[in-house]
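S.K.: Okay, here's the structure, questions in a sec.
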Amino acid sequence: MIYLDYHATTPCDRRVVEAMLPWLSDSFANPHSDSHAAGRQVAEAMNGAIESIAGAIGAPASSLLMTSGATESINLAMRGVMTHPRNRRNHMVVCSTEHPAVLDVASDLQRSGVEVSHVRVHPQQSGGEAAPGTIDLDALAAAITPDTALVNMMLVNNEIGAIHPIREVVRIAHAADALVHCDATQAIGRIPLDVAEMGLDLVSASAHKFYGPKGVGFLVAGGGERRVRLRPQIVGGGQQQGLRSGTMNPAGIIAMATALSLAKTSADPHGGESARIETLRNQLWDILRGSIDGLEINGPPLSDRSSRVSGNLNFHLREVEGETWMAAAPGVAFSSGSACSSSDPVASHVLLAMGLSESQARRSVRMGIGRMTTSDEIELAGRELIDALQRLRLT
Ligand SMILES: Cc1ncc(COP(=O)(O)O)c(C=O)c1O
C-alpha cells in the first residue's frame, strides 16, 4: 500500500514513539498525584513538554490546555466562548470551508440560539488576484457585527491545502473586538505557526497530523492581549484549572512535544522537508498529467507557495468519479472529493463552496504527500493510478 493520504493522518515518527515509550509503563504514575515522587516526576516531565510546545508555537505555557485532539479543542473553544456566562455577544462567524469539526459545532450552537454567519471563499474561477479557496476578506468584514464574539478561521484547509490570510482575518476581527479561533490542525508541520505574532486568541490542533500519536491535541486559549473566557465542556476532577477535567496524558503530551519540535524545522517553507515534499508532489502531478487528459487543479495554483501547502494535491478528472478511481486502484491510499459517511457519498462542501459543480466535486480526488513518502513510491503510485484509469475507460 502506498500511502498518499497525509491530510487524513500521518504515521507516528519513530523518534516520537521512542520518546513516548518510557512514560507508558516505566514512569506511569498519575501526574496529578503530587503526594509521591513518582507522580511529581511524571508531572515535571509533562510540564516540561508543555513548555516546549508553548515555545514551539509562540504562546505562553499558561494558555495551553491539553485535549484529546482537535475536535475536542474546537468544541471547547467555540462552545466555551459562546456559552460563557459573561459573554454578552451572540454572533459567530465561520468560514464556509471549515472542517466539519467546526461547522457541526456551529450548527449545534445555532440550534441553541447563537447566530452564525458563513463567509464565502474565492471561487475557483475568480479571475482576480485572490487565490481560489481562500477566504473573501471583504465578505468577512461585511459579516462581522458589534455582536460578533468569535471568528473561526482555519489556517490551512484539509482538502485543497489553501493557506488563508490569517493576519488579515485577525486584523478585521480585532477591529470589531471579536476573538479569533484558528483551527491550525493542518498547518502545524507544514507552515510556520506563531500564535503571538499572528495575534491569535484561540488555536486548536491534533498531534496525529504532525507525526505524533492519535488521541492527543491542544487548545491555546488566551495568553495574548485579549482576555479569553471559556466555559468548561468536560467537568470532573478539576484538572487544568477546571477548564478540562480528567487525568492528563503524559506519554501523549511528551510525544506531541517531540513531534512538534521535529515539525518546527519541517515547517520552514524554504527548509529541506517542505522542499522535498513539494518536489514529490510536483513529480506526481507531472506523471499523472503526462498520461491523463483533462485534469484540473482544485484550489490555489501549485506554484503559489504562499497560498497552498507543499504536500497537497487536489484535482478533478474529466469523466471518472473519484470514488470509482479509488476502488480501481486499491494499492494507493488517497481520498475522493466526497465524504462517504453514508452509503450515498455527498460531494465535498469545500469544492462546492468554491463554485465547482456537484459533478466536478464527485470527480475530484485529494492526495497528500508527507515525510515518509519516497520518489519510488510516487513512481509506483503514478503507474497504478494511470493503469487503473485506463482499465476503467476500457470497461
Ligand atoms: C482542519 C481539521 N480540523 C479538525 C480536524 C479534526 O481532527 P481530529 O479528528 O484529530 O480531532 C481535522 C481532521 O481531519 C482537520 O483536518
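The values are calculated or read from the model by the stated rules, or taken from the named source; none is laboratory data. None of these values were measured; they are calculated from a predicted model. Cβ sites come from the backbone with ideal geometry, for glycine too, and all protein chains shown count toward neighbours. Side chains are part of the model used for accessible areas, which takes the heavy atoms of the whole protein and leaves out ligands, DNA and RNA. Shrake-Rupley method; radii C 1.70, N 1.55, O 1.52, S 1.80 Å.
S.K.: Would you check which residues across the stretch 289-324 are in a loop (DSSP other than H, G, I, E, B) and within 25 Å of Arg391 (Cα to Cα) and list them?
M.R.: Ile292, Asp293, Gly294, Leu295, Asn298, Leu317, Arg318, Glu319, Val320, Glu321
S.K.: Something else: Can you find even one residue in the stretch 74-91 that is within 15 Å of the ligand (Cβ to nearest atom), more than 24 Å from Gly224 (Cβ to Cβ) and among the polar types (S, T, N, Q)?
M.R.: no
S.K.: Look at Asp286 and say whether it is of a type in the set (Asp, Glu), outside any helix (DSSP H, G or I) and modelled with pLDDT of 95 or more.
M.R.: For Asp286, the condition - of a type in the set (Asp, Glu), outside any helix (DSSP H, G or I) and modelled with pLDDT of 95 or more - is not met.
S.K.: Next question, about the same structure. Residues that are open to solvent by less than 50 Å² (accessible area, probe 1.4 Å) and polar (S, T, N, Q): does the stretch 320-333 have at least one?
M.R.: No, the stretch 320-333 contains no residue that is open to solvent by less than 50 Å² (accessible area, probe 1.4 Å) and polar (S, T, N, Q).
S.K.: All but one of (1) farther than 18 Å from Gly368 by Cα; (2) open to solvent by 20 Å² or more (accessible area, probe 1.4 Å) hold for Ala257; which doesn't?
M.R.: (2)
S.K.: Among the residues of the stretch 177-214, write down those that are among the β-branched types (Val, Ile, Thr) and within 11 Å of the ligand (Cβ to nearest atom).
M.R.: Result: Thr185, Ile188.
S.K.: Within the stretch 209-261, which residues are under 30 Å from Val309 (Cβ atoms) and of a type in the set (Ser, Thr, Tyr)?
M.R.: Tyr211, Thr258, Ser261
S.K.: So, one more: Does any residue in the stretch 1-25 that is acidic (Asp, Glu) and within 13 Å of the ligand (Cβ to nearest atom) come within less than 7 Å, Cβ to Cβ, of a residue that is open to solvent by less than 90 Å² (accessible area, probe 1.4 Å) and part of a loop (DSSP other than H, G, I, E, B) six or more places away or on a different chain, and which pairs are these?
M.R.: Asp5/Phe334
S.K.: If you go through the stretch 157-174 one residue at a time, do you hit one that is assigned to a helix (DSSP H, G or I), modelled with pLDDT of 95 or more and within 16 Å of the ligand (Cβ to nearest atom)?
M.R.: Yes - at least one qualifying residue is present in the stretch 157-174.
S.K.: What pairs come out if I take residues in the stretch 203-224 that are charged (D, E, K, R) and pair them with residues that are open to solvent by less than 20 Å² (accessible area, probe 1.4 Å) and within 8 Å of the ligand (Cβ to nearest atom) whose C-beta lies under 7 Å away, six or more apart or interchain?
M.R.: Hits for this filter: Lys209/Thr185; Lys209/Gln186.
S.K.: Search the stretch 360-395 for residues being β-branched (Val, Ile, Thr) and farther than 30 Å from Gln125 by Cβ, and hand back the single one that is farthest from the chain's Cα centre (by Cα).
M.R.: Ranking the candidates gives Thr395 first.
S.K.: Taking into account only those residues within the stretch 134-155 that are of a type in the set (D, E, K, R) and in contact with a strand residue (DSSP E or B) (Cβ under 8 Å, 6 or more places away or on another chain), which is farthest from Val309 (Cα to Cα)?
M.R.: Ranking the qualifying residues of the stretch 134-155, first place goes to Asp147.
S.K.: Is it the case that the stretch 247-266 has a residue that's under 30 Å from Gly58 (Cβ atoms), touching a His at 6+ places or on another chain (Cβ under 8 Å) and touching a residue at least 40 places away in the same chain (Cβ under 8 Å)?
M.R.: Among the residues of the stretch 247-266, at least one is under 30 Å from Gly58 (Cβ atoms), touching a His at 6+ places or on another chain (Cβ under 8 Å) and touching a residue at least 40 places away in the same chain (Cβ under 8 Å), which makes the answer yes.
S.K.: Now for a separate question. What about Met46, is it aliphatic (A, V, I, L, M), under 28 Å from Gly133 (Cα atoms), assigned by TED's automatic domain parsing to the domain that holds Ile172 and not in a loop (DSSP other than H, G, I, E, B)?
M.R.: Values: aliphatic (A, V, I, L, M): yes; under 28 Å from Gly133 (Cα atoms): no; assigned by TED's automatic domain parsing to the domain that holds Ile172: yes; not in a loop (DSSP other than H, G, I, E, B): yes.
No.
S.K.: Still on this structure, please answer the following. Exactly one condition in (1) hydrophobic (A, V, I, L, M, F, W, C); (2) out of contact with any Ser or Thr (no Cβ under 7 Å at 6 or more places or on another chain); (3) open to solvent by 20 Å² or more (accessible area, probe 1.4 Å) is false for Ala176; which is it?
M.R.: (2)
S.K.: Quick check on this structure: which one of Ala101, Ala142 is within 16 Å of the ligand (Cβ to nearest atom) and more than 21 Å from Arg226 (Cβ to Cβ)?
M.R.: Of the residues listed, the single one that is within 16 Å of the ligand (Cβ to nearest atom) and more than 21 Å from Arg226 (Cβ to Cβ) is Ala101.
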